[in-house]
Amino acid sequence: MQIDYSKRIFGLDLMRAVAIMMVVCSHILWITPNANGYIPDILSISGVMGVEIFFSLSGFLIGRILFRLYTSQSFSFKNVFYFWIRRWFRTLPNYYLALIANILIAIYIGNQLPDGVWRYFFFLHNFATEMPWLFAESWSLSIEEFAYILGPLLLYGILFIKTSIPRPKLFLAVTLLIIFMFLVSKLIYNHEETIRDMRHWSINVKAIVIYRIDAIYYGVLAAYISIVKPNFWRMMRFPAFFIGVIGLLSLNILIPRHQIFIGTHPQFWNVWYFVIKSISILLTLPLLSTMKSAPKSILIPITYISILSYAMYVLHYSIVMQLMKHFMPTEAFAGLDIAVFIIVYFLLTLSLSYLLYQFYERPLMNLRDKPVIKNHFK
């Protein structure tokens, strides 16, 4: 795998690598469900944190693309559709391959498929109702796909309204509107529904499209600031990073210390937990997006993990971990056996992710840059 490091931004690769490792490590808890102490507690929150980092980073990257498209004089629906084509070449092949693998594994193991499994093929399985058990990590991919559709459609639609407002400000207005809309959707949920426990919260709020699309658009907001206010973006990178990290640490320290539990503080968990986390991650972007490189000893492994992150995400849990659990039940494991299982889990995830990326993900993704695709859709 040849990598042109000059075309990459180390800080963003670092975010992606940290995020995927947090997610992969968090699922170790499946084989050690009764573990207690600081490490299990950290692992239990790292998975959620990792996905939230992915959301902000994805929003930042697509936001910069959309801003440049939208503010050009030639912007049209063809640009919107070409944006979607490029995103779909990036996201759909791995998703559908992993989905089919999950269905086949469920049938092989003898698990009954959830009702309406067809919804997975259209990212509707967690659109507005409880996330089913199959392909559990796919919840975030549905949120991403609908975020890719909603923003560009609104940006295009607003052009039909006669206004003298400059397009950069219209871009900001649409971004803030989306953030506000999904803040309201969470407030409505909090007012109308009762959360019973953290598992109920996880599959009925955290993983539901109609409550979570704003997580992507905090990253889009960061993209807008980075382009429109580049000097401010660079000037604030260190204090913003410090505030963001303190925000994330404080959030996870204060919750257990002050017993901010779901039963007694439902609005915090249903609404403000997500908002605080998204803003805190946003604040780390000014510094990380300006970190262009690093020593090779750090640069090379971080970049490799970053590149493999999407393959790792769709493979590590419902495929690798589930099959390992099926063929090597861990209930009777202890000590060294569990350590070996974890090592094999990581090695298998990395190896299979490399193969998936090298021989499937990258070849299909490269198709979007073929002249026949560009000329047809642009």
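Here, each number is a calculation from the coordinates, and none is a lab measurement. Just so you know, these numbers come straight off a predicted model, no measurement behind them. For neighbour counting, all protein chains shown are included, and Cβ atoms are generated from backbone atoms with ideal geometry for every residue, glycine included.
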Can you tell me how much longer the chain between ARG199 and ILE109 gets when fully stretched, taken as 0.36 nm per residue apart minus their C-alpha distance, in nm with one decimal?
30.0 nm
Check the straight Cα-Cα distances from LYS296 and name the lysines below 17 Å, setting aside those fewer than 8 residues away within the same chain.
LYS7
Hey, can you rank 160-169, 4-13 by average C-beta count inside 10 Å, highest first?
4-13, 160-169
Here Rg/Rh (Cα, Kirkwood) for the chain equals 0.95
With each run of n ≥ 4 DSSP H residues scored as -39500 (n - 2.57), what mean residue ellipticity at 222 nm is computed for the chain after dividing by its residue count and rounding to the nearest 500 deg cm²/dmol?
-22000 deg cm²/dmol
Return the single residue from LEU350, LEU251, LEU134 with maximal mean-square fluctuation; model: Gaussian network over the chain, springs between Cα atoms under 10 Å.
LEU251
Convex hull volume of the Cα atoms in the range 1-133, per residue, in Å³?
189
Quick one: among HIS258, HIS191, HIS326, which has the greatest mean-square fluctuation in a GNM of the chain with alpha-carbon springs under 10 angstrom?
HIS258
So if I place +1 on the C-beta of Lys and Arg and -1 on the C-beta of Asp and Glu, and nothing else carries charge, what would the dipole magnitude of the chain be about its Cα centre? I want it in debye, nearest 20.
1760
Eligible aspartates and glutamates near LYS292 by straight Cα distance, threshold 12 Å, same-chain separation 8 or greater:
ASP13
What's the center-to-center distance, using Cα atoms, between the range 284-312 and the range 65-109 in Å?
23
Under a Gaussian network model of the chain whose springs join Cα atoms within less than 10 Å, the largest fluctuation of VAL271, VAL209, VAL117 belongs to VAL117
Say R0 is 35 Å: what FRET efficiency, to the nearest 0.05, do VAL117 and PHE359 get from their beta-carbon distance?
0.80
Tell me which DSSP H helices of the chain clear both cut-offs, 18 Å or more of axial length from alpha-carbon atoms and a mean Kyte-Doolittle hydropathy of at least 1.0.
10-26, 38-70, 167-192, 214-228, 237-257, 273-288, 296-315, 336-356
